[in-house]
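These notes concern the structure reproduced below.
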Amino acid sequence: MPTIIFFNAMISVLYYLGVVQVIFAEFGRFLSFCLGTSPIESVSAASNLFLSLMETPLLVKPFVHNITRSELFAVMTAGFASIAGSLLWAYAAYGAPINHLLTASVMSAPAALAFAKLLFPDERKPTIKAKDAYTVAAGQYGSLLDALSAGAKDGLKMAGMVVVNVMVYTSAIQFLDHAVLWFGQRAGLDNVTLSELMAYAFYPVTYLMGFEAQDCLKAARLLGLKILTLTTVAFIELGKIITNGKVLQAYTATYNSSWSYVGEDIYLQATNTTLVGGVLTERSGVLATYMICGLSNLSCIGITVAAYVAVAPSRHRDIFKQAALACLAGNLACFSTACVAGG
């Protein structure tokens, strides 16, 4: 909530000073020429290298009312397919390779635009040109302090909508997960959860992406965690598995004692240690980093819907209709970067 309120206030100040208008007009014209997409789509996709899907709607706020449905879909898809710059270092701290995180973030921007246009092509030619950014009124605020205060007030409204939607979406997911667990227990099956079922459902997906055969189920479980919970949860689990691999490598180099699998866990006899979750091969660890490097999960659908409805209430029908498909497109963009990395 503080991030949303503060960033909204800063964006209002930058619009008052005319800085954002210059970015959309000049940088948007350059990116539009390079990517073949509209300036709004291009700048929003590039901004997601640094901003999260909660902050990008604030950047494009003056344009959302008038962009086409295809442009709106592309803007949302770019948010789902990427991670914020602040999260990049957090995921690296969990154990994910920073060089591949950086590469995945850069590759996701054009991949997101490509899948957005495949799933939702332009129905009509975009009407907003790069030079139109200069027509956004910088004088709607009386002063710099007026812009700061008004931005904070609008940010508070948006933060409230985001929090409420996250609560509802997260609670619904938890309810379904516990319902599956309860029905499984009634049938005599323990530890059957929605995420575990999704792991088996995603097994063919990870196999087609090129994961090692012995790692496909573990990778599918990471993908299920990312979609059902949060990307952060998936990266925490991936970091644990990558750390397990390093521990096992050091163990085999130091001790002559054997080790063995206990289910998916690994038991180290010499140190009487269990590596929970087992290990992934180095290649599978890299592919998993690309596969889950995006905020395309069910909880973030709630965040995206709340953020865009807050800045453009008149587009709420389009936003609700496109949000789930945009999340799917964001996941496909991440899968494509994993395929490229594996090739």
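The values are calculated or read from the model by the stated rules, or taken from the named source; none is laboratory data. The shown structure was predicted, so the numbers you read here are calculated from the model rather than taken from an experiment. We place every Cβ from the backbone using ideal geometry, glycine too, and count neighbours over all the protein chains shown. Surface areas here come from the heavy atoms of the whole protein model, side chains and all, with no ligands, DNA or RNA. Shrake-Rupley method; radii C 1.70, N 1.55, O 1.52, S 1.80 Å.
What's the long-distance tail for the chain, i.e. % of Cα pairs beyond 34 Å? Could you put the intermediate results ahead of the total?
Numbers: 17978 of 58653 pairs.
Result for the distance tail: 31 percent.
Amide H neighbours of D265 under 5 Å, counting only residues 5+ apart in sequence or on other chains, H built in-plane at 1.01 Å?
Amide H neighbours of D265: G277.
Taking the Cα centroid of segment 155-178 and of segment 64-104, what is the distance between the two, rounded to the nearest whole Å?
20
At 222 nm, what helix-only mean residue ellipticity would the chain give, in deg cm²/dmol to the nearest 500, using -39500 (n - 2.57) for each DSSP H run of four or more? Walk me through the intermediate numbers first.
On the way: 17 runs with 235 residues, N = 343.
About -22000 deg cm²/dmol.
For segment 107-116, in order, what is each residue's ³J(HN,Hα) by Karplus, 6.51 cos²θ - 1.76 cosθ + 1.60 with θ = phi - 60°, in whole Hz (x at glycine and Pro)?
In residue order, the calculated couplings are 5, 5, 5, x, 5, 4, 5, 5, 6, 4 Hz.
As a quick test, which of the pairs K117/K321; K218/K240; K117/K218; K61/K153; K117/K157 have an alpha carbon distance above 24 angstrom in this structure?
Distance filter (> 24 Å) returns K117/K218; K117/K157.
Let me have the relative contact order for the chain, percent, based on Cα pairs under 8 Å that are six or more residues apart. Show your work: numbers first, answer last.
Working: 548 pairs, mean separation 88.1, N = 343.
Once divided by the residue count of the chain, the mean separation gives 26 percent.
For helix 69-80, report the angle its Cα long axis makes with the longest principal axis of the Cα atoms of the chain; keep it between 0 and 90° and round to the nearest 10°.
40
Over all pairs of distinct alpha carbons, what does the Kirkwood formula give as the hydrodynamic radius of segment 187-343, in Å?
About 17.3 Å, per the Kirkwood formula over Cα pairs.
Determine the dipole magnitude for the chain: charges of +1 sit on the beta-carbon of Lys and Arg, -1 on that of Asp and Glu, nothing else is charged, the reference point is the Cα centre, and the result goes in debye to the nearest 20. Don't jump to the answer; show the numbers that get you there.
Details: 20 positive and 19 negative charges, 132 e Å.
Result for the chain is approximately 640 debye, rounded to the nearest 20.
Among A93, A81, A111, which one shows the biggest mean-square fluctuation in a GNM of the chain, springs joining Cα atoms closer than 10 Å?
A93
Compute the orientation-averaged projected area for segment 6-127 from the convex hull of its Cα atoms and round it to one decimal in nm². Kindly include the intermediate steps, with their values, before the conclusion.
Working: hull surface 31.4 nm².
Averaged projected hull area, Cα only: 7.9 nm².
Quick one: Karplus J couplings for segment 224-238, per residue in order, coefficients 6.51, -1.76, 1.60, θ = phi - 60°, nearest Hz, x for Gly and Pro?
x, 4, 4, 6, 7, 10, 9, 4, 4, 4, 5, 6, 4, 5, 4
Compute the acute angle (0 to 90°) between the alpha-carbon long axis of helix 282-291 and the principal axis of greatest extent of the alpha-carbon atoms of the chain; round to the nearest 10°.
30
Just to be sure I understand the model, the point goes 7 Å from the Cα along the line to the Cβ. What's the resulting V276 to Y94 distance in nm?
The two pseudo-label positions are separated by 1.6 nm.
For the Cα atoms of the chain, what angle does the longest principal axis make with the long axis of helix 316-342, in degrees from 0 to 90, nearest 10?
50
Just name one of G239, S105, A288: the one whose Cα is farthest towards the positive end of the charge dipole of the chain (beta-carbon charges, Lys/Arg +1, Asp/Glu -1).
Value: S105.
Ordering V340, V311 from largest to smallest accessible area (1.4 angstrom probe), what's the sequence?
Ranking V340, V311 by accessible area, largest first, yields V340, V311.
Per residue of segment 7-20, in order, report the coupling 6.51 cos²θ - 1.76 cosθ + 1.60 (Karplus, θ = phi - 60°) as ³J(HN,Hα) in whole Hz, putting x for Gly and Pro.
5, 4, 5, 5, 5, 4, 5, 5, 5, 4, 7, x, 6, 5
Which one, L222, P62, I173, projects farthest toward the positive side of the charge dipole computed for the chain from Cβ point charges (K/R +1, D/E -1)?
P62
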